[in-house]
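Enquirer: Structure below; questions to follow.
The values are calculated or read from the model by the stated rules, or taken from the named source; none is laboratory data. This structure is a prediction, so every number in the text was calculated from the model and none was measured. We place every Cβ from the backbone using ideal geometry, glycine too, and count neighbours over all the protein chains shown.
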Amino acid sequence: MKRNQVIGKTVLPSDTKCMVTYNSVIDMVELQVGGTSLRFNANSFILVQELLRKAAAKVVMQTAIVNV
């Protein structure tokens, strides 16, 4: 396996590029959003992912309430 492997990428509606890479040698995940880069060890990344998933669910619920 390559040292740095792209495991996800997308472009936001604002044309901002987002990419997630994983380095298996040092067990590190890097999240790049535009010019900002955040690095986490893999376990911490999973915890951050769970935090973002829960926050996204709350945003969806708030949006649904406002639109009713």
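Enquirer: Which of the residues that make up segment 1-59 are of a type in the set (S, T, N, Q) and under 11 Å from the mean Cα position of the chain (by Cα)?
Expert: Answer for segment 1-59, where residues must be of a type in the set (S, T, N, Q) and under 11 Å from the mean Cα position of the chain (by Cα): T10, T21, Q32, S37, Q49.
Enquirer: Among the residues of segment 19-68, which ones are charged (D, E, K, R) and not in a loop (DSSP other than H, G, I, E, B)?
Expert: Of everything in segment 19-68, those that are charged (D, E, K, R) and not in a loop (DSSP other than H, G, I, E, B) turn out to be E30, R39, E50, R53, K54, K58.
Listed here are the residues, each with its yes/no results for (1) surrounded by 10 or more Cβ atoms within 10 Å (Cβ to Cβ); (2) out of contact with any Lys or Arg (no Cβ under 8 Å at 6 or more places or on another chain); (3) closer than 27 Å to R3 by Cβ.
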{"position": "P13", "(1), (2), (3)": "no, yes, no"}
{"position": "K17", "(1), (2), (3)": "yes, no, yes"}
{"position": "T21", "(1), (2), (3)": "yes, yes, yes"}
{"position": "E30", "(1), (2), (3)": "yes, no, yes"}
{"position": "I46", "(1), (2), (3)": "yes, yes, yes"}
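Enquirer: Starting from segment 43-68, keep only residues that are at negative phi, then list their pairs with residues that are at pLDDT 95 or above and not in a helix (DSSP H, G or I) whose Cβ atoms are within a distance under 6 Å, requiring at least 6 positions of separation or different chains.
Expert: Within 6 Å, the pairs are F45/V29.
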